[in-house]
Amino acid sequence: MKLYIANQTCSQAVQIIANELGLEPELVHYNVFDRSTSNDDDFAKVNPLMYVPALVLDNDEKDVLSETIVVTSYLADQHPEAGLIPAHGTLDRVKFDQLLVFIATEIAQKHIPLMRKLLTEEGTAWTRAKIVAAYTTLDDRLADGRAFLTGDKFTVADAYVFATWWHERSGAHISHLKNLMAYKARIDALPSVVKALKDEAEMFASHSGASA
Ligand SMILES: N[C@@H](CCC(=O)N[C@@H](CS)C(=O)NCC(=O)O)C(=O)O
């Protein structure tokens with residue numbers, strides 16, 4: 001498999017899940033600013049919307065999967081024994097998918113116009129308040145002492161929250177959410193996360209060096 005990633009973006013979620021599963025996709029770095037790739041692939045042909053993550057499968061069709069929650073869920077579903085996602089067809093899975101869509105729409109995608117400073121003053125305040133409200137619901141979930149969002153097991157949802165931890169860049173203040181902060185520190189220490197950040201930094205450095 002070939003995984004297209006970009007520096008400090010949601011593609012970290014896929015790297016982390018791949019690491020949890022012991023998979024070793026070939027990593028390709030995509031520079032979101034100059035649109036180059038570390039191996040000179042034309043990224044527009046991989047994903048016409050020019051978004052990472054994009055995962056090229058090893059099947060005959062070389063299918064390309066995009067959408068962070070789809071790519072991470074796909075990998076986790078291929079390895080049910082790892083317990084990174086509940087089984088399809090169960091109420092637990094429906095509730096889990098509900099959480100993933102919530103993270104995608106209420107956190108990840110709400111950060112982006114803030115980070116890019118695209119909003120009016122009123123839009124900025126409104127969007128930041130939505131993000132803080134969303135993180136507060138995650139903090140509430142963790143209030144019963146569970147280690148991760150759905151229990152004591154790290155899952156796809158936790159990888160996604162980690163990969164979209166952009167509140168400092170978007171100016172949303174959440175440091176008062178103590179359960180969430182302790183949870184983030186737990187995720188920081190996971191070997192799958194440490195490896196993802198190291199691999200990402202190496203890819204970014206070598207691609208930046210090559211195009212400088
Ligand atoms: N709907 C996509 C959006 C992914 C997305 O926003 N990717 C960002 C990085 S987190 C990106 O590739 N941005 C490049 C750009 O906007 O040019 C998903 O959920 O995976």
From the options F33, F43, residue that is of a type in the set (A, V, I, L, M, F, W, C) and more than 23 Å from A104 (Cβ to Cβ): F33
What pairs can you find where one residue is in the stretch 149-173 and within 14 Å of the ligand (Cβ to nearest atom), the other is of a type outside the set (A, V, I, L, M, F, W, C) and at pLDDT below 95, and their Cβ atoms are less than 8 Å apart, with a gap of 6+ or different chains? none
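The values are calculated or read from the model by the stated rules, or taken from the named source; none is laboratory data. Quantities reported herein were computed from a predicted structural model and do not represent experimental measurements. We place every Cβ from the backbone using ideal geometry, glycine too, and count neighbours over all the protein chains shown.
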